[in-house]
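Student: Dumping the structure here so I can ask a few things about it.
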Amino acid sequence: MRLNEQLQERIAQYVAGLLPPQETAQFEQEIQQNEALQAEVQLQREVQTLITLYGKQQAAKNKIEQIAATITKEEEGAKTVSMFQKLRPILAIAAVLVLAVGAYFIFSEQTKDPQQLFAQNFSPYANTLTVRGMADTSSVAKTETEAMQYYQNQQYPQAAATFNQLAQMNPKDQNTYDFYAGISLLANLQATEALQKLQTVAGNNNPYQEQAQWYMALAYLQNKDINKAKELLQQMAAQSVHDRKTDAQKLLKSL
């Protein structure tokens, strides 16, 4: 697949987690529909991983060579070489290796940006609102259509406000409206407000309950609350059947 510079830059930003949530969701849809693009994204990820690992290994190797050379130079002028002196280069190299391994794991922990993980895993839920008949000209039906138009056009503040209005107009479908309002708020980077909506949905027996749990975990990541995100994801992954079981297991590996 031959890429233009704009697409190459977009892939690089996606792999680095630098695309905005809305653009990330749109790009992920493109990836799912294009096998060649999937391959290019995977290749970019593998290249970045190799570059990172090579950089760390090369830095450790250079440091070891530097220490070994210094010790050798010091001992060249010594008249008597003790057993300890003979072992010093080996001990020093071993110490550096221990430090390098420890630094690798510390560095890995520091670079796990929860907001980056959020951006990589978030995509708005599809429109599954009940399709009303064309003859339905009620105010609720009209407002539902308006809310979904905002939602699908990524006008998330307007979508959230309209779903809130619907919850007051038609309380029997409040779980549905709160679910989409929560996702709209999450897409607009309002995780705290989104959690208030999603927690209500996740706490009730309704068709969106398990999906709401997944978006709650993403909201915790957006808020940089890794512990709560992991706890919820582990609960989801431990269930024998869950709508987002596979997604939860995959995300846990990154935490």
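Student: How high is the FRET efficiency between GLU9 and ALA36 when r is their beta carbon distance and R₀ equals 25 Å, given to the nearest 0.05?
Tutor: Working from the Cβ atoms, E equals 0.90.
Student: Hey, another quick one. Per residue of the stretch 174-185, what does 6.51 cos²θ - 1.76 cosθ + 1.60 with θ = phi - 60° give for ³J(HN,Hα)? Whole Hz please, x for Gly and Pro, Karplus curve as stated.
Tutor: Once rounded to whole Hz, the list reads 4, 4, 4, 5, 5, 4, 6, 5, x, 5, 4, 5.
Student: Just in the stretch 132-225: which trypsin sites (Lys or Arg not before Pro) are loop by DSSP and have at most 14 other Cβ atoms within 10 Å?
Tutor: ARG132, LYS224
Every read-out reported here was derived from the displayed coordinates using simple, explicitly stated rules and does not represent laboratory data. Because the structure is predicted, anything quoted here is derived from the model rather than measured. Cβ sites come from the backbone with ideal geometry, for glycine too, and all protein chains shown count toward neighbours.
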